[in-house]
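Chemist: Got a structure here, written out as structure tokens. Questions coming.
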Amino acid sequence: MTYEETARFLNGALNYWPTLFRGNDPEAMTQAWAVALADIPYAACARGVVKLAQTMKFPPSIAEICAAAKECMPAQVTQLDKLLAITCHEELGLDTPLYRQMQAERLPDSDIKKLR
């Protein structure tokens, strides 16, 4: 997340945990959290904090938010996943959802050859 997204995220989290800042400087805390959450998308953090709010009475740590956010992130497609989708299509005649997605995105033949 960017600094601006982190500020918006923390502002929203205050609705769940009014004591989130616990006497800390909001500006300094936002800067620190922005660094710690830089590789986590805003949408995943927002969904993760909603899940945490359902079970936590006290404000979560950055580590708890990261863990909850990662559960809300879409799975990463690897090269092996793509190769398996292509192989299933060519050898078994099965069009997997990933293969159909790759076709829709029109993966160039040169990329297909690189996967092999």
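The values are calculated or read from the model by the stated rules, or taken from the named source; none is laboratory data. Everything numeric here is computed off the predicted structure, so don't read it as measured data. All Cβ positions, even for glycine, are placed from backbone atoms using ideal geometry, and neighbour counts span all protein chains on display. Surface areas here come from the heavy atoms of the whole protein model, side chains and all, with no ligands, DNA or RNA. Shrake-Rupley method; radii C 1.70, N 1.55, O 1.52, S 1.80 Å.
Chemist: Considering the range 38-47 alone, what residues qualify as being under 10 Å from Thr2 (Cα atoms) and either out of contact with any helix residue (DSSP H, G or I) (no Cβ under 6 Å at 6 or more places or on another chain) or of a type in the set (Phe, Trp, Tyr) (or both)? Reasoning before the result, please.
Modeler: The initial filter retains those residues of the range 38-47 that are under 10 Å from Thr2 (Cα atoms), namely 38-42.
Matches in the range 38-47: Ala38, Asp39, Pro41, Tyr42.
Chemist: For Gln76, all conditions in the list (1) modelled with pLDDT of 85 or more; (2) farther than 21 Å from Leu20 by Cβ hold save one; what is the number of the exception?
Modeler: (1)
Chemist: Hey, does the range 24-42 have a residue that's in contact with a Lys or Arg (Cβ under 8 Å, 6 or more places away or on another chain), open to solvent by less than 40 Å² (accessible area, probe 1.4 Å) and closer than 27 Å to Gln76 by Cα?
Modeler: From the range 24-42, those in contact with a Lys or Arg (Cβ under 8 Å, 6 or more places away or on another chain) are 40, 42; that's our starting set.
Next, only the ones that are open to solvent by less than 40 Å² (accessible area, probe 1.4 Å) stay: 40.
Narrowing further to those that are closer than 27 Å to Gln76 by Cα: 40.
Yes, the conditions are met somewhere in the range 24-42.
Chemist: Then there is this: Would you be able to tell me the number of residues in the range 66-86 that are farther than 30 Å from Val50 by Cα and loosely packed, with under 10 Cβ neighbours inside 10 Å? Break it down into steps so the answer makes sense when it comes.
Modeler: Kept after step one, since they are farther than 30 Å from Val50 by Cα, are these residues of the range 66-86: 79-86.
From the residues that got through so far, the ones that are loosely packed, with under 10 Cβ neighbours inside 10 Å too are 80.
Result for the range 66-86: 1.
Chemist: Restricting attention to the range 87-101, which residues are open to solvent by less than 100 Å² (accessible area, probe 1.4 Å) and closer than 30 Å to Ala44 by Cα?
Modeler: Asp95, Thr96, Pro97, Leu98, Tyr99, Gln101
Chemist: Which count do you get for residues in the range 6-15 that are under 14 Å from Pro60 (Cα atoms) and buried (at least 16 other Cβ atoms within 10 Å of the Cβ)?
Modeler: Number of matching residues: 3.
Chemist: Across the range 70-97, which residue is farthest from Thr6 (Cα to Cα) among those that are part of a loop (DSSP other than H, G, I, E, B) and of a type outside the set (A, V, I, L, M)? Can you show your working first?
Modeler: Applying the first criterion (part of a loop (DSSP other than H, G, I, E, B)) to the range 70-97 yields 73-78, 93-96.
Now narrow it down to the ones that are of a type outside the set (A, V, I, L, M): 74, 76, 78, 93, 95-96.
Numbers: Pro74: 20, Gln76: 23, Thr78: 29, Gly93: 46, Asp95: 40, Thr96: 37 Å.
Out of the qualifying residues, it is Gly93.
Chemist: Name the residue that is most open to solvent (accessible area, probe 1.4 Å), counting only residues in the range 52-65 that are among the hydrophobic types (A, V, I, L, M, F, W, C) and more than 14 Å from Ala36 (Cα to Cα). Can you show your working first?
Modeler: Narrowing the range 52-65 to residues among the hydrophobic types (A, V, I, L, M, F, W, C): 52-53, 56, 58, 62-63, 65.
Within this subset, residues satisfying the condition of being more than 14 Å from Ala36 (Cα to Cα) are 52-53, 56, 58.
Details: Leu52: 24, Ala53: 32, Met56: 47, Phe58: 153 Å².
Among those residues, the one meeting the criterion is Phe58.
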